[in-house]
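Just below is one structure, and these are the notes that go with it.
The values are calculated or read from the model by the stated rules, or taken from the named source; none is laboratory data. Everything numeric here is computed off the predicted structure, so don't read it as measured data. When we count neighbours, we look across all protein chains shown, and the Cβ atoms used for this are built from the backbone with ideal geometry, even at glycine.
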Amino acid sequence: MQRKHLFFIWETKYLGKTPIPLIAIGVLTTLFYIFSKPHFDNFSDLNKVMLSITGLVSIIIYAKEVWKHHVFHMLWWALLLAVCHWLFLTLTLPLLADDYPKLDHIARLFLFIIFAWWLGGNTRNTLIFWGIASAAVVLAPWITGDGLADFQRGFLGERIGFGIRNVQHSAMFFGTVLLGLLIFLPRLLLAPLQHWGKLILWVLAFTIIIAGVIISQTRAAWLGVIAGFSIVIFLLFIRHRKSLTRKHLALIAVSSVCLAIFIIINSSLITERATAELDTIQALLRGDWSSIPLSSSEVRSSVGERLYSWRAAIDMIAQRPLLGWGEQGVEYLFDNIEYNQAHYQALNFGHLHNLYLEITLQYGLVGLAAYAYLLIWFIANSWIAWKRGDMPGDVLLFLYAFLCFWSVINLFESYLIFWTGVFLFNVVMAGCLTHIWKPTLRANRSKAITNIERDLP
């Protein structure tokens, strides 16, 4: 086995002097984890521990340059902020303070660091990594769902989530993969003819994925996909407006036609779902809260439920805007909500269905600012990596499309407080971070080579 390639597939040259057995354990547990996690949550936890330990050992011992990178500084500051926040709550609001700071809730948001390390700054590794994660989603109807029976029920009007927590979370996965399939399609269309088998697989995957997005009947995911695809078109136009060729236009046309066909075929289902809450929205625009319904045996208004809980959350945030109410603040809200306490208790509401309000209620504006800083850091540094040639254009487009999609869907669900959202966020961010890291990885490799040459007789 050559040092350069692990099993002749995985590029390892930027992993410094990390021993091949350690790399093999780290890479294999990483790939197994991202495939198994969406379906076998508990079973995959052991893999997470293994890939995390091996990754940290490898970085600390064999990649000191990476260990000093700013992304680790963000992790340390986030953990320190969590400790300070817990101390503040313990002193000022002991009834809602946890017995100890739950640092694991913060640390798990930075698992992308370990993934990025094992990706080794390589685009091919990243595409394999994302491809395996996407395959897990494409196969979900047959692994955790009821296969074709789910699709049949879905096109008859039933909301289908294929056994991935619930329909909203299924739509989150399927929507992300849909954006990836569209953005990376040119790689297949521009490949040699012998790769047409991959194109056939793409068509099958696209059919399954877009069908899954539609029958989830998740309006937030629909809006997110439209927003993500729109930002891609906008950025491509800005970048290539003076050099657009027929090939570029054809790619855009193919993607748009594929989306349009599926939308037209399922127009009645989409229209019914999209217009279901028009009365609620119109009442909100009028400021007429008395006409905004809560769900009952006669009326189902998920938007109304969200609006009332958001109103209550904003009232609570106004009382403690800087550092919030802690992780138990949401439970406290639903136990004391003044609009219809019995209703929310009956629904067993455990979150606000809005990530931004969720973060602000729990951690205040300081926590929201920290989250925003992380996203802005990725946006800015990915752009810099692309400008210096370390990140391919389609990887950059996928990041921006995902963040647009992610920002929209989290207006209506608190995905990042669930393992599903944490998992997806880490998988996408890892592929971007490994390209951002390239100068650091090159410096680490050069230092390793220098040390080897120095040690030679």
For this session: Find all pairs meeting these conditions: Cβ atoms under 6 angstrom apart; at least six residues apart or on different chains; first residue within the range 372-390 and farther than 14 Å from A116 by Cβ; second residue hydrophobic (A, V, I, L, M, F, W, C) and surrounded by 13 or more Cβ atoms within 10 Å (Cβ to Cβ).
Result: W386/L396
Problem set entry | Residue satisfying condition, being touching an Asp or Glu at 6+ places or on another chain (Cβ under 9 Å) and of a type in the set (A, V, I, L, M), within set I143, I183 | I183
Exercise. Residue check: is N166 in contact with an Asp or Glu (Cβ under 6 Å, 6 or more places away or on another chain) and either free of Cβ contacts under 8 Å to residues at least 24 places away in the same chain or closer than 30 Å to Y14 by Cβ (or both)?
Worked result: no
Seminar exercise, completed: Okay, helices (runs of 4 or more DSSP H) sitting entirely in the range 92-158 with 1 or more residues that are touching a residue at least 24 places away in the same chain (Cβ under 8 Å), touching a helix residue (DSSP H, G or I) at 6+ places or on another chain (Cβ under 9 Å) and of a type in the set (F, W, Y), I get 112-119, 123-138, 148-155
Exercise. Out of the range 57-79, which residues are more than 30 Å from K13 (Cα to Cα) and surrounded by fewer than 13 Cβ atoms within 10 Å (Cβ to Cβ)?
Worked result: W77
For this session: Answer with yes or no whether I9 is surrounded by fewer than 16 Cβ atoms within 10 Å (Cβ to Cβ), more than 20 Å from A443 (Cβ to Cβ) and either in contact with a Cys (Cβ under 6 Å, 6 or more places away or on another chain) or at pLDDT below 85 (or both).
Result: yes
